[in-house]
1. Name the residue, out of A:L81, A:L139, A:L261, whose mean-square fluctuation peaks in a Gaussian network model built on chain A with Cα pairs under 10 Å.
2. Do the sum for chain B: with -39,500 (n - 2.57) for every DSSP H run of n ≥ 4, divided by all residues, what is the mean residue ellipticity at 222 nm, to the nearest 500 deg cm²/dmol?
3. So how far, in whole Å, is the C-alpha centre of segment A:152-215 from the one of segment A:70-102?
4. Give me the angle, in degrees from 0 to 90, between the Cα long axis of helix B:60-73 and the longest principal axis of the Cα atoms of chain B, rounded to the nearest 10.
5. Give me the angle, in degrees from 0 to 90, between the Cα long axis of helix B:169-199 and the longest principal axis of the Cα atoms of chain B, rounded to the nearest 10.
6. For chain A, list the DSSP H helices whose alpha carbon atoms reach 30 Å or more along the long axis and whose average Kyte-Doolittle value is 1.0 or above?
7. To the nearest Å, what is the center-to-center distance of segment B:128-171 and segment A:16-54, using C-alpha atoms only?
8. Once the other residues with Cβ under 11 Å from the Cβ of B:A290 are scored (Lys, Arg +1; Asp, Glu -1), what is the net sum?
Amino acid sequence: MTTVPTVTPPWLHSLWSEAHWVQKTALVLGLTLTVAAVLAPAIAPFEPNAQSLIARLRPPLGFESASAGHLLGTDELGRDLLARCLHGLRLTLTLAVLGASLGLLIGGILGVLAGVAGGRTDAVITAAVDTQIAVPFTLVALFMLSVFGTSMVVMVLVLGFAGWEQYARILRGEVKRLMQLPFIEAARAAGASPWRIARVHVLPNVVSPVVVQFTLSLSNIILLESTLSFLGLGVQPPTATLGAMVGVGRDYMPTAPWIVLAPALLILAVTFSVQILGDWLRDRADVRLRVR
Amino acid sequence: MLGNALRILLRMVLTFFVIVTLVFFATRLSGSPLDFVFGEGMSVEDRAIMIRYYQLDRPIWDQYLAFLGAFVDGHFGLSFIERRPVAEMVAERLWPSAQLLISATAATLLVAIPLGIIAAVWRKSWIGSAVMALAFLGYAVPNFVLAVFLVLVFAFWLNWLPVVGNGTPAHFIMPTLTLAAAMIAAIMRFTRNAMLDVLGQDYMRTARAKGLPESAVILKHGLRNAGITILSVVGLQVAALAASGSVVVESIFAWPGIGDLLVNAAIRRDYPVLQFAVLTVALAVILINAAVDLAYAWADPRLRHSSRT
């Protein structure tokens, strides 16, 4: 850790050296998990859905009656747990990124619209945001998944719908604040079109709060997706996200706890690193905190 | 004060009306729910009877009016699966849910507020850091993962606690802990921040200068002033976290509450039950929010007096 290669740019070096050890751990963990998720098809030792009836419920290596080659053991259908965990991690992260991006798209458009247009448009969008905040989203999600069925597309829609109001709220506030500032007025006086003002003058100024919100919402979305999958309302078997693996595995807890423990610990690792990195990013983006 | 209360009440009714309307049209978007529930095994005549019973042959606006009419006459329909009035099914689930909610809220207040104060007072020492690390854990560990760990350790390995149902006080321990964990983390963080804001105020220095003992300064002058802000967040957080948390917790521990009912109705697509249960919980959340708004207005002397003039 002391020998940082000279090829790293200086800002990265200072970022790393000022980081707390918890943040360093989170960063390394997050990168490892991302790489593992991306490379899952290549590094998984088995097909995630390949069943083997003679190797069912085998414990992880090192325990009695472990099956050779199955590092984390096998589940109730004899599927390799490590392979399923890697693919589950991949799907969990994919769904989370897609959901957060969709939320950013919906909330971003509505928020900027509310901020720029004002008047009645603003009132309607603000009312929608307030309603969404007032209703616990798990209820909405249960309802949507029950009505529209549990496919991958519906899941992404539900997850996207889960965070849009935060982006809308933040962007509306930022845009409203920026629109008051002299440099926007100058641009308007110089004859710039509303579209040009939005694109050239407003958007670059709201990137930082949006990026922070994206990271923070990522962990909420991962939690929501895992919870819904855990309850059996997520992507349908045999495909599994980490939450679904915990949900199915809890039936085997007394006899084969590793089926639950492996994905549960993985979820912990994911939420831990995403939360820490999100908080870190927020603290760095907040100029007032950085000065302190 | 009265005008304020009236405004809160009006907003409450409006929000609930919007939710009722959204719920109604969302259910109708997916086509005939009977197809999912009864599938292939139904004869043409039976199907016609069911459609007429659930009034699915009428225009959608008539159905909407009938749905709104249920709030007047109380006929919210029958469950597709259990063939019982949904109001009855939800009503018998209310008390167990309330019991769990009360015990989790009590646990939250007992743990979170003292710890929050400790974290604020000793923020520079390891005690403060330890408390904040605990709060972070409560935030970052998903409640179902926590439940799984608790069940593994206390039910299967140590064999101390029962897992399923709500029969004895021992049944309350794990669900309460699971439900309270996220709330404790949230309230603890908030109490700390509210206390930190207050601790820097001039009147705190005055209180110390008067020679009051430190405990009186912190509890009487500090906590009382931070209390109002803490109260508002407790209400809002409790409503939101409890609603989503109890769905998970009740489902894991087979707690016979409304969250368990919701999940089962969602999985089996029992729309009448799902609709009514969602509306009940939404109403409960809205009521709690409104109560918090009112309590906030009442507890803050500035708000209480300013609107009287």
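Here, each number is a calculation from the coordinates, and none is a lab measurement. Being a predicted model, the structure only gives us computed values, none of them experimental. All Cβ positions, even for glycine, are placed from backbone atoms using ideal geometry, and neighbour counts span all protein chains on display.
1. A:L139
2. Using -39500 (n - 2.57) per qualifying helix, the result is -25500 deg cm²/dmol.
3. 34 Å
4. Approximately 60 degrees, to the nearest ten.
5. Around 50 degrees separate the two axes.
6. A:81-117, A:203-230, A:258-285
7. 26 Å
8. Details: positive: B:R7, B:R11; negative: B:D293.
Taking every Cβ under 11 Å from that of B:A290, the sum is +1.
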